[in-house]
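**Student:** First the structure, which I've put down as structure tokens, then a few questions once you've had a look.
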Amino acid sequence: MNPLNGKIIEDVRFPSPNPNVELKVVTYLSNGLKVKGMLAEPKTGEPLDGFLYLRGGIKNVGKVRPARIAQFAAEGFIVFAPYYRGNQGGEGNEDFAGEDREDAFAAFMLLKSLPRVKNIHIFGFSRGGVMALMTGIEFPEAVSVVTWGGVSDMSLTYQERKDLRRMMKRVIGGTPEKYPERYEHRTPLYQLERLKAPVLIIHGVKDQNVTVQHAHRLEKRLRSLDKKVECWYFDEYTHYFPPVTNRKVVEDLTKWMKSQSNW
């Protein structure tokens, strides 16, 4: 791993939707590339746990939303959300949990370098679920991993999402049938033996973007390895939860994260 990974090159203040949270757009190093991300810090000045927010989507689909980052920071975390390479002025090309996983790893190192940060938790939404699991595997010191509506099996995504197949073939370089190893490389299920942190799985049972089968496969694999896992399934919801429920789940999952700091 490059010793300069996570080094902050530049930070620029960004208008915050919350007067108690300071936002910055940060440029940091990831294997020699200058990558962008958003940092959210509560203005309390006290030491806090770090929160690595790994977004879903690709390129302009699923962009990091400042209000969402500030929402998690308001729960008492220093939050960093990488945009991934090639996005919003960053160098390189995003490749759907291939080499761009290094941007998540470098973002973990960035959080570790901040003097106010104590423990670090990892959160992934949608495609960010595979990024979160990979980062948790890479850094055994991570205190917890949360995957919300998260992808766990890239081949399953290819099968389920006909609308994504052209992009996946282009970015990954073929189909799962022709290049199974390329899809396995992007599927953390095969490496969970190395995961130390407890995992919280949150999933809407009616999700059509990332079916609940992803959550079930992850849960089954973690339990077979006797890993610490908790599951919150919501029978009535899809990939997106109603605002009131969303806020409540954010409160609950951040409480769960904090409870893991002494696991």
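**Student:** Given the options A73, A40, A67, name the one that is within 18 Å of the chain's Cα centre (by Cα) and surrounded by fewer than 13 Cβ atoms within 10 Å (Cβ to Cβ).
**Tutor:** Sole residue among the options that is within 18 Å of the chain's Cα centre (by Cα) and surrounded by fewer than 13 Cβ atoms within 10 Å (Cβ to Cβ): A67.
**Student:** Looking at the structure I just gave you, is R68 closer than 19 Å to T254 by Cα and charged (D, E, K, R)?
**Tutor:** When the stated conditions are applied, R68 passes them.
**Student:** Can you list the strands (runs of 3 or more DSSP E) lying wholly within segment 1-71 that have 2 or more residues being touching a residue at least 24 places away in the same chain (Cβ under 8 Å) and among the hydroxyl-bearing types (S, T, Y)?
**Tutor:** Numbers: elements: 8-14, 21-30, 33-42, 48-54.
In segment 1-71, 21-30 are the strands (runs of 3 or more DSSP E) which contain 2 or more residues that are touching a residue at least 24 places away in the same chain (Cβ under 8 Å) and among the hydroxyl-bearing types (S, T, Y).
**Student:** Out of segment 210-220, which residues are buried (at least 19 other Cβ atoms within 10 Å of the Cβ) and either in contact with a Lys or Arg (Cβ under 6 Å, 6 or more places away or on another chain) or in contact (Cβ under 8 Å) with a residue 40 or more places away in the chain (or both)?
**Tutor:** Selection gives V210, T211, H214, A215, L218.
**Student:** Output the number of the condition that G149 fails; it satisfies all remaining conditions of (1) touching a strand residue (DSSP E or B) at 6+ places or on another chain (Cβ under 7 Å); (2) over 22 Å from I58 (Cβ atoms).
**Tutor:** For G149, the exception is condition (2).
**Student:** Answer yes if at least one residue in segment 178-200 is of a type in the set (D, E), modelled with pLDDT of 95 or more and surrounded by 19 or more Cβ atoms within 10 Å (Cβ to Cβ), and no otherwise.
**Tutor:** Looking through segment 178-200, none of the residues is of a type in the set (D, E), modelled with pLDDT of 95 or more and surrounded by 19 or more Cβ atoms within 10 Å (Cβ to Cβ).
**Student:** Considering each residue of segment 100-114, count those that are assigned to a loop (DSSP other than H, G, I, E, B) and in contact (Cβ under 8 Å) with a residue 60 or more places away in the chain, and give that number.
**Tutor:** The number of residues fulfilling the criteria is 1.
**Student:** Which members of segment 193-207 meet the condition of being in contact with a Ser or Thr (Cβ under 9 Å, 6 or more places away or on another chain) and either part of a helix (DSSP H, G or I) or more than 25 Å from G136 (Cβ to Cβ) (or both)?
**Tutor:** Within segment 193-207, just K206 meets the criteria.
**Student:** Here's something else I'd like to know. Going residue by residue through segment 145-160, is there one that turns out to be more than 27 Å from Y237 (Cα to Cα), surrounded by fewer than 19 Cβ atoms within 10 Å (Cβ to Cβ) and out of contact with any His (no Cβ under 9 Å at 6 or more places or on another chain)?
**Tutor:** First pass over segment 145-160, keeping only residues more than 27 Å from Y237 (Cα to Cα): none.
Within segment 145-160, none of the residues are more than 27 Å from Y237 (Cα to Cα), surrounded by fewer than 19 Cβ atoms within 10 Å (Cβ to Cβ) and out of contact with any His (no Cβ under 9 Å at 6 or more places or on another chain).
**Student:** Can you spot a residue in segment 168-190 that is of a type in the set (S, T, N, Q) and either touching a strand residue (DSSP E or B) at 6+ places or on another chain (Cβ under 7 Å) or part of a helix (DSSP H, G or I) (or both)?
**Tutor:** For segment 168-190, residues of a type in the set (S, T, N, Q) and either touching a strand residue (DSSP E or B) at 6+ places or on another chain (Cβ under 7 Å) or part of a helix (DSSP H, G or I) (or both): absent.
**Student:** Exactly one of these conditions fails for T157: (1) more than 19 Å from A132 (Cβ to Cβ); (2) assigned to a helix (DSSP H, G or I). Give me its number.
**Tutor:** Result: T157 fails condition (1) only.
**Student:** Here's another thing I want to ask about it. Can you confirm whether R85 is buried (at least 20 other Cβ atoms within 10 Å of the Cβ) and either without any contact (Cβ under 8 Å) to a residue 24 or more places away in the chain or within 15 Å of the chain's Cα centre (by Cα) (or both)?
**Tutor:** So R85 passes the test.
**Student:** Does at least one position in segment 241-259 carry a residue that is in contact with a Gly (Cβ under 9 Å, 6 or more places away or on another chain) and surrounded by fewer than 19 Cβ atoms within 10 Å (Cβ to Cβ)?
**Tutor:** Taking every residue of segment 241-259 in turn, at least one turns out to be in contact with a Gly (Cβ under 9 Å, 6 or more places away or on another chain) and surrounded by fewer than 19 Cβ atoms within 10 Å (Cβ to Cβ).
The values are calculated or read from the model by the stated rules, or taken from the named source; none is laboratory data. Just so it is clear, the structure is predicted and the values come from calculations on it, not from any experiment. Counting neighbours? That spans all protein chains shown, and the Cβs are built from the backbone with ideal geometry, glycine included.
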